[in-house]
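Before any comments, here is the structure.
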Amino acid sequence: MNTWKLEIEYEGSRYRGWQHQHNERTVQSEMQKAAYELFSGRVHLGGAVNTDAGVHALGQVVHLRVEEIKEDVTPRMIQNSFNDLLPHDINILSVKNAPDTFDARSEAIGKQYLYKISTNRTAFGKSLVWWIKDDLDSKKMKAAAEILVGKHNFESFCQKNIENPEPTTVEIEKVEIFVQAEMIFVRIKAPHFLWKMVRRIVGVLAEVGRGNLADTAIERLLKYPSDATAKYTAPTSGLYLEKVYYKT
């Protein structure tokens, strides 16, 4: 078995997410097609995070396993060959040799997302940001974000999976909000995230910034589960998987 650890970036607007879906265009499917052209042996690709349709990645991690190869190949050769075959909106950033047992998903110990909000309307990049025409008070957003740090029940901030329910307690390690020119960035890091959790957190923070919600609303939503946040869910266009963390 030959195994490599790949770090990739992609612009997710044209894809139905990372994970393979029948009769749908996904990032995994595009990479699988390229891998079949490159290797004659059986190939398996697995991603650290199953990003949703329209979500982007700055640092998705993928394991690539090939049962047999006809000739020795270097990580650089694999990177260049993949990038020659992949669409323009998927790019291999790095390739490293990995143990045969390496699994990008199960070995991840943390994930970090970046959300981009634009306060200026533009003809370019609409699919890459969330444009909010209202004035946002970033100081109020920062104060509200601090309440989210720590271990809490985030049932109010996720889309429940009825078929496969999961515990809703998550320990957020950090929430950063910073402003650069006409952009507001929200960075969130945690060991794991619930479905739509980041987008609903950002949506609620935006309402705080608009002045429609007080920061005390965050405390209530953490203490008393509610599905009221569904209407505040931020669009996928501004969401980026920024980094996946491992022990080594």
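The values are calculated or read from the model by the stated rules, or taken from the named source; none is laboratory data. Model, not experiment: these values are computed from the prediction. Here the Cβ is made from the backbone with ideal geometry for all residues, glycine too, and neighbour counts use every protein chain on show. Ligands, DNA and RNA are excluded from the accessible area calculation, which covers all protein heavy atoms including side chains. Shrake-Rupley method; radii C 1.70, N 1.55, O 1.52, S 1.80 Å.
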| query | Is it the case that Thr101 is assigned to a loop (DSSP other than H, G, I, E, B), open to solvent by 20 Å² or more (accessible area, probe 1.4 Å) and under 30 Å from Phe185 (Cα atoms)? | reply | no
| query | Hey, any hits in segment 195-208 for a residue that's under 19 Å from the mean Cα position of the chain (by Cα), open to solvent by less than 50 Å² (accessible area, probe 1.4 Å), closer than 18 Å to His56 by Cβ and of a type in the set (Phe, Trp, Tyr)? | reply | no
| note | Of the residues in segment 1-18, those that are modelled with pLDDT of 95 or more and open to solvent by 20 Å² or more (accessible area, probe 1.4 Å) come to Lys5, Glu7, Glu9, Glu11, Ser13, Arg14, Arg16
| field | Residue check, Gly47 surrounded by 19 or more Cβ atoms within 10 Å (Cβ to Cβ), under 27 Å from Val73 (Cα atoms), without any contact (Cβ under 8 Å) to a residue 60 or more places away in the chain and among the small types (Gly, Ala, Ser) | value | yes
| query | Got a number for residues in segment 10-58 being in contact with a Phe, Trp or Tyr (Cβ under 9 Å, 6 or more places away or on another chain) and part of a strand (DSSP E or B)? | reply | 6
| Residue among His88, His152 that alone is open to solvent by less than 60 Å² (accessible area, probe 1.4 Å) and at pLDDT 95 or above | His152
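Do you know which residues across segment 104-127 are hydrophobic (A, V, I, L, M, F, W, C), out of contact with any Pro (no Cβ under 9 Å at 6 or more places or on another chain) and open to solvent by less than 60 Å² (accessible area, probe 1.4 Å)?
Ala104, Leu114, Ile117
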| request: Search segment 220-238 for residues being within 21 Å of Glu155 (Cβ to Cβ) and touching a helix residue (DSSP H, G or I) at 6+ places or on another chain (Cβ under 6 Å), and hand back the single one that is most open to solvent (accessible area, probe 1.4 Å). | output: Pro225
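Pull up segment 199-248, narrow it to residues that are part of a loop (DSSP other than H, G, I, E, B) and of a type in the set (Gly, Ala, Ser), then point me to the one that is modelled with the highest pLDDT.
Result: Ala234.
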